[in-house]
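Worksheet: the structure to be examined is printed underneath.
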Amino acid sequence: MQLAYQQWGTEGIPILGLHGHPGQGECLEVFADSLAGTGQFHLVAPDLRGYGRSQVRDPYTLSAHLDDLEALIHSRGWQRFGILGWSLGGILALELALKLVLTQAAPQPSPATVIGLTLIASSACPQGSHPPVPWWMDVTTALASLLNLLLPGHPAVIALGQNSLYRYLIARHTPKTYRYLARYAVSAYLRTSSQAHQALRESLRHPYNRLRDLSGLGIPTLVLAGCQDVHITPESSQRTAAALPQATWKQYEGVAHLFPWEIPEQVNQDLVAWWQGLAATLEKTSSPSP
């Protein structure tokens, strides 16, 4: 399907940004100013099938996302691009990169080349350590979310949020983090379709482990994780980094699954430095010898 998307910047190397579940493209705005502000990159973040403005009526499987993303890449005419994926978006980023890299070795290679990959709170063998959730916590989460829309980052809202499901998504309950939640999280949740929930539930019935396939993914990869992530544990993210031939691994202390909204300045500083380093390397290797 033709995906709705948001774009920040127009110059430089395109980076395809893939959101998680629940989510939508605008959730990646936290990275936009830093990457696009360099003038070396621009960020394109689609609403995946069944999310945001890319709504559907029929059920689908997660593999449909790859077809949609390939169509988007083709329509943009990209010859080379990077991918940044957060949570489920990171898993899709891996799958898309593997598919395109394998296609490069085929008799009729893909015209699009993945130059680099960033995986945020994601894994090729995702494992969680989320504890059981009592029923009352769902109520508390709904109440905290509604109040946070009215009074983003208010101390009373934060106190309520610490006793809600937010306690498993973030570790730093600061006004700044709650303002991110108010701006992006509730809207993303409400615009995630029943078809998207069903597609994810169906995929979770089958074990997912692509570690053995990563040895053929010879592209530079940055893997970032939060040490208190219980949705996709940092240990499973680190195993992914260890299985990749050209991986840079970094773990942030005192943060959880939504750590880009907890420590955005630090994460963006690391992102920009890594992508700029990659761009410099590509420029050197593509420049003709004197």
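Derivation of every value follows stated rules applied to the coordinates shown; laboratory data play no part. Predicted, not measured: the structure shown is a model, and the values here were computed from it. Cβ: placed from backbone, ideal geometry, glycine included. Neighbour counts: every protein chain shown.
Summing -39500 (n - 2.57) over the DSSP H runs of n ≥ 4 in the chain and dividing by its residue number, what mean residue ellipticity at 222 nm do you reach, to the nearest 500 deg cm²/dmol?
Details: 12 runs with 125 residues, N = 290.
About -13000 deg cm²/dmol.
Go ahead and set up a Gaussian network model of the chain, Cα springs under 10 Å, then flag whichever of ARG183, ARG53, ARG76 fluctuates most.
Per the Cα network of the chain with a 10 Å cutoff, ARG76 tops the list.
Longest span of the chain, sites excluded, free of GluC sites (Glu not before Pro) in DSSP loop with at most 14 other C-beta atoms within 10 Å? Intermediate values should be presented prior to the final figure.
On the way: sites that count: GLU11, GLU253.
Here the longest run is 12-252.
Dividing the alpha-carbon radius of gyration of the stretch 112-166 by 2.2 N^0.38 Å (N being the number of residues), what value is obtained?
Numbers: Rg = 17.0 Å, N = 55, 2.2 N^0.38 = 10.1 Å.
Scaled against compact globular proteins, the figure is 1.69.
Using the Kirkwood radius over C-alpha pairs as Rh, can you work out the diffusion coefficient of the chain via Stokes-Einstein at 10 °C, viscosity 1.306 mPa s, in µm² per second?
82
What is the packing order of peptides 112-118, 272-278, taking the mean over residues of other C-beta atoms within 10 Å and listing the highest first? Intermediate results must be reported in sequence, preceding the final value.
Numbers: 112-118: 21.6, 272-278: 17.3.
Result, highest mean Cβ count within 10 Å first: 112-118, 272-278.
Relative to the Cα centre, what is the charge dipole magnitude of the chain, using +1 at the beta carbon of each Lys and Arg, -1 at the beta carbon of each Asp and Glu, and rounding to the nearest 20 debye? Can you show the working numbers first?
Details: 19 positive and 20 negative charges, 47 e Å.
Charge dipole, the chain, about its Cα centre: 220 debye, nearest 20.
What is the fewest-to-most order of TRP136, TRP86, TRP261, TRP8 by other Cβ atoms lying within 10 Å of their Cβ? Write out the running numbers ahead of the final one.
On the way: TRP136 10, TRP86 27, TRP261 24, TRP8 20.
Final ranking by Cβ density, sparse to dense: TRP136, TRP8, TRP261, TRP86.
Rank ASP58, ASP138, ASP68 by mean-square fluctuation in a GNM of the chain with C-alpha springs under 10 angstrom and give only the top-ranked residue.
In the Gaussian network model the winner is ASP58.
On C-alpha positions alone, give me the angle between the axis of helix 234-243 and the longest principal axis of the chain, in degrees, nearest 10.
10
At a threshold of 8 angstrom on Cα-Cα distance, excluding pairs fewer than six apart, so keeping six or more, what relative contact order does the chain reach in percent? Mind showing how you got there, number by number?
Numbers: 550 pairs, mean separation 59.7, N = 290.
After rounding, I find 21 percent.
Run through all the Cα pairs of the stretch 135-190 and give the fraction in each 5 Å bin from 0, expressed as whole percent.
It works out to 4, 23, 37, 27, 8, 0, in whole percents.
Short version: what are the Cα gyration tensor semi-axes of the stretch 182-223, square root of 5 times each eigenvalue, largest first, in whole Å? Don't skip to the answer; put the middle values down first.
Values: eigenvalues 175, 68, 10 Å².
Semi-axes (√(5λ), whole Å): 30, 18, 7.
Within the P(r) computed for the stretch 136-290, what percentage of the Cα pairs occupies the region above 21 Å?
Of all Cα-Cα distances in the stretch 136-290, 60 percent exceed 21 Å.
Taking every pair of alpha-carbon atoms in the stretch 76-176, give the share separated by more than 21 Å as a whole percent. If you can, show how the numbers build up before the last one.
Details: 2819 of 5050 pairs.
Cα-Cα pairs of the stretch 76-176 separated by over 21 Å account for 56 percent.
Quick check on the exposure proxy: order THR141, THR61, THR281 from fewest to most C-beta atoms within 10 angstrom. Display every interim value, and only then the final one.
On the way: THR141 21, THR61 10, THR281 13.
Ordered by Cβ neighbours within 10 Å, fewest first: THR61, THR281, THR141.
Across every pair of different alpha-carbon atoms, what Kirkwood hydrodynamic radius in Å does the stretch 63-102 reach? Walk me through the numbers on the way to the answer.
Working: mean 1/r = 0.0958 Å⁻¹.
When all Cα pairs of the stretch 63-102 are included, the Kirkwood radius is 10.4 Å.
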